[in-house]
Structure formats: structure tokens, C-alpha cells
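Trainee: Structure incoming, see below.
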């Protein structure tokens, strides 16, 4: 059981370049989300999705785009990378059930450096 | 806005000690509470999930409790081992998960 899979694990970009971080889950989870983790800032929510075709902004959405065309995949796009986007990015998913249910599962992270 | 704090920020104990990690939140309208472990350079591993109708959960040497009325959760680790060294994060699920800053634990042999 693969769980939540993120690719790539490491990436170096130059300022202004674009790229997509991939996230896939094989647990048929309706809810998927992207976080960034920075020293001293903790984990902050970028975007999330409660099902295919539905996305919404989190706490720090600027500079990032998402789409959800299938239940399994939730890619995160950086359209024009900036040094401030240097971070470790985590994808997470959970079953969307009644309130108070749903354990959150994380991928192993993608470490992005923007020069 | 939900805010989550964790005390202490860092903790160093000798092997074999029982220890308590604390997590506090400001908004009582939470549903799930989840504790995670993060090893350096790794992702987050789920340790315990307390659902809204529960007050505590146990897994092996770990016990987590939730008191919504006081806005607190506690993670108890019994008979600590060097392999327990990691950062422990709590997270509250309201509309979305909100994470605490973590407690960095070192268990010395």
C-alpha cells in the first residue's frame, strides 16, 4: 500500500522558472492538501481539495496553483518561482467523513530550493 | 482563528523516563486531534488520532488525551527510548488541520 506519494523529492529552480510538484494517493481519499514547512513557521496550509473538481485556498496560497481532476492526484504548480518559495512541501490526504473522523496521512515531502 | 501552542519547545531526558508533551488550542470547535512524529528530513507519521467523541487513545507506550473544555491535549510517553527522539506535533481538525510548532524530544542513552 503506497499511501501518499510525492515527486520529486528534491528540486532546485532558478527564480522565474515554473514547475509542478506531484502528489498521488491510492486510498480513495476525498480530501487532499498541500502544506509548506519552514523553520520557525511550522506547517502552513497552501491549498486543499475536498473532492475532484473542488479546490480552495489555505493560509498561504499566493504564488501557487492547484487543480483536482481525479480523486487520486493533486498537483501543486509554481508558475514563477521566487526565493521565498524555498521550503519543504508536504502533501496530505484523509477520508472525508462526518465531522470528527478522518486520519491525516502525509507524503514524504519535496524539498525545493529556489536560487 | 485557531492557534495551537506546544510546551515545551524542546526536551532532553535520560532513557527510561516517563514524559508528558503538552498541546493547547484556542478554539473549542475542533473535531479531531491528531499527534504526529517527524524525524529529521522526513515526513510526518501519524501516532494517535482522537476523534471528537473520544477523550483519549492509547498505542503501545503512547497515550494521548483531549480536554476540549480546557483547550488542551497531552501526549504521554512511557519508558522513553533513544528511538523516540524526534519532533512531536499536534494538530487540530476544524475546517482544516492546524498544526502546533512541535516539541523536539531527545532521549539520551
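The values are calculated or read from the model by the stated rules, or taken from the named source; none is laboratory data. These numbers come from a predicted model, not from an experiment. With ideal geometry, Cβ positions are generated from the backbone for all residues, glycine too; neighbour counts draw on all protein chains shown.
Trainee: Answer yes or no as to whether residue A:63 is more than 9 Å from chain B (Cβ to nearest Cβ) and either more than 27 Å from residue B:49 (Cα to Cα) or touching a helix residue (DSSP H, G or I) at 6+ places or on another chain (Cβ under 9 Å) (or both).
Mentor: Taking the combined requirement at face value, the residue satisfies it.
Trainee: Sort through B:22, B:18, B:32 and tell me the only one that's surrounded by fewer than 21 Cβ atoms within 10 Å (Cβ to Cβ) and within 14 Å of the chain's Cα centre (by Cα).
Mentor: Answer to the check: B:22.
Trainee: Residue A:16 fails exactly one of the following numbered conditions: (1) part of a loop (DSSP other than H, G, I, E, B); (2) touching a strand residue (DSSP E or B) at 6+ places or on another chain (Cβ under 7 Å); (3) away from chain B (no Cβ under 14 Å). What is the number of that condition?
Mentor: (2)
Trainee: Of all residues in segment A:66-83, which are at pLDDT below 95 and either closer than 18 Å to residue B:96 by Cα or in contact with a helix residue (DSSP H, G or I) (Cβ under 9 Å, 6 or more places away or on another chain) (or both)?
Mentor: Of everything in segment A:66-83, nothing turns out to be at pLDDT below 95 and either closer than 18 Å to residue B:96 by Cα or in contact with a helix residue (DSSP H, G or I) (Cβ under 9 Å, 6 or more places away or on another chain) (or both).
Trainee: Read through the list (1) under 28 Å from residue B:6 (Cα atoms); (2) assigned to a strand (DSSP E or B), then give the number of the only condition that residue A:61 fails.
Mentor: With (1) under 28 Å from residue B:6 (Cα atoms); (2) assigned to a strand (DSSP E or B) applied to residue A:61, the lone miss is (2).
Trainee: Here's another thing I want to ask about it. Tell me the strands (runs of 3 or more DSSP E) entirely within segment B:5-109 that contain at least 3 residues that are within 25 Å of residue A:39 (Cβ to Cβ) and within 14 Å of another protein chain (Cβ to nearest Cβ).
Mentor: Because the criterion is at least 3 residues that are within 25 Å of residue A:39 (Cβ to Cβ) and within 14 Å of another protein chain (Cβ to nearest Cβ), the strands (runs of 3 or more DSSP E) in segment B:5-109 that meet it are B:32-38, B:44-50, B:86-93, B:97-99.
Trainee: Of everything in segment A:76-91 that's part of a loop (DSSP other than H, G, I, E, B) and surrounded by fewer than 17 Cβ atoms within 10 Å (Cβ to Cβ), which residue is farthest from the other protein chains (Cβ to nearest Cβ)?
Mentor: Going through the qualifying residues, I end up with A:80.
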